[in-house]
Amino acid sequence: MISLDSRVRPLRAIRRVLDACGGLLNLAGHAAVGTFLTNRLLMGTPEFLPKVALIGGHVISWMLLGLGNSLLVGRRGGLLRAVLWPNTFGRAWTLLFTALGARWVVQEVHRMKNPRPMPPEVMSSSALAVDLRDEMAAAEGSSQGGLRGLFERVNEIHNLEVLTYEVRLPRLPAEFDGFTVVQVSDVHHGPFSKDAFIRRYIDLCVEMDPDLVALTGDYQTYSGDVERAIHLLSPLGEWSQREREGVGAVAIMGNHDREAGTEHVIDALERAHIRVLENANMFLERNGARLYIAGVADPWSPHADLDLALHGIPRGACTILLAHLPDYFVESAGDRVALQLSGHNHGGQIKLPVLGAVLVSSRFGRRYVEGFFKRNGSLMYVSRGLGGKPPIRWGSKPEITVLVLRGDRKT
């Protein structure tokens, strides 16, 4: 005869498993909300030295809140009972965050099983690894052993990648077929960045001898670093003067440049012979055909003005728009912009297994974290950029982006 205890025991085991799964989902829900609020509210605040601790503390606090909620509700009948019968505030809270955690898991599984396709306008792509970690350690004379050496090997902040894309723009004049653009973004020179790495990065850009270098903002992290940051970028201005008649390097402002003082940063860039497009545009001409380059002010400021940036550009012209924030694509995408170049998100900067990109300062979460996007007939490329704050990258290498533009021609 089967005892009652032998029949109840498997049910208890199943309940414990369900409680454990519910607890993990509850914790995931708290972590997801904490990360969302951090990216939405804290990442965009002005830079100050304790900001890193504030951001880390905020995310950890939400996770601790989730852990505490799971333990408390678990002791009072279990997560399963709280979800099935949310008759108190604590149980209702548990139900809400468990549901949010489940939604996040479903979303991430769907994202992994259905990766975003490359737009058909991207005709080819290639990647070249330029690992500068040993070179930077040698330049600094730092040891390769011990914990510091291990950290330098794990940290990918100096593990550069050169990404080359051949991109078809239907409105590109035939005279500009093969036009090359190198994008430089998010240098974030500051107390923890290495001058030698930025110099090497800029040297590589100059050696490529592109038709245009587009600098898409955030050249320093703190206001005191403006002059040094622009000095490190100055070889681009010298190359522009020497090889491209002064119109080979153009720049826009990012949120850090606005915080450091827009007028100061613009003045420093112009002294370095790098042209600044602040709600303005310019054109390059070949045999009477024109390619327009436009730039908007920092989209986080109230000064970004797309109409002003595109003023005077005829309808149907091929225009490349420089806008620091990828979020601006929602406003710019349409028949007036063929291609937008953005940065800002550092590719998430730290990508964890399963969890993916962690630090994404965007109202759209991870929608525009990196790579190509298409909307209303316009393309956008979001660069992972160069630097980081804090100066840590994992799973999101710094990059130099090379875009080879092609017209809408039959092959």
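The values are calculated or read from the model by the stated rules, or taken from the named source; none is laboratory data. All values reported here derive from a predicted model rather than from experimental measurement. Quick reminder, even Gly has a Cβ in these numbers, built from the backbone with ideal geometry, and neighbours come from all protein chains shown. Heads up: the accessible areas ignore ligands, DNA and RNA and are worked out on the full protein's heavy atoms, side chains in. Shrake-Rupley method; radii C 1.70, N 1.55, O 1.52, S 1.80 Å.
Quick notes on this one:
- Among the protein heavy atoms of region 277-411, carbon and sulfur supply 51% of the accessible surface, probe 1.4 Å, non-protein parts ignored.
- Mean-square fluctuations from a GNM of the chain, with a 10 angstrom spring cutoff on Cα atoms, peak among HIS311, HIS188, HIS273 at HIS311.
- Here region 252-281 is scanned for amide nitrogen atoms under 20 Å from the site 7 Å beyond the Cα of GLU227 along Cα-to-Cβ, giving 257-274.
- Our note on the geometry: Cα centres of region 348-411 and region 264-296, 23 Å apart.
- Whether region 184-301 is rounded, prolate or oblate, judged on the alpha carbon gyration tensor where a/c under 1.5 counts as rounded: oblate
- Estimated inter-spin distance, ARG375 and GLU245, nm [label 7 Å along Cα→Cβ]: 3.5 nm
- Kyte-Doolittle mean at least 0.0 and Cα axial length at least 15 Å: DSSP H helices in the chain: 4-37, 51-75, 89-113, 195-208
- The mean accessible area for residues of the chain, using a 1.4 Å probe and ignoring ligands and nucleic acids, is 47 Å² per residue.
- Carbon and sulfur %, accessible surface of region 96-250 computed with the full protein complex present, 1.4 Å: 56 percent
- The largest-to-smallest principal axis extents of the Cα set in the chain are 95, 51, 40 Å.
- Inverting the pair-averaged 1/r between distinct Cα atoms of region 110-227 gives 17.3 Å as its Kirkwood hydrodynamic radius.
- Only lysine pairs 8 or more places apart or on separate chains count here, and in the chain those with Cα atoms under 25 Å apart total 16.
- Extension gain from LEU37 to PHE364, taking 0.36 nm per residue of separation minus the Cα-Cα distance: 116.6 nm
- The relative contact order of region 154-302 comes to 21 percent, based on Cα pairs under 8 Å that sit 6 or more residues apart.
- Between VAL167 and MET123, VAL404, LEU405, ARG406, the built amide H atoms are under 5 Å apart, and every one of these is 5 or more places off in sequence or on another chain.
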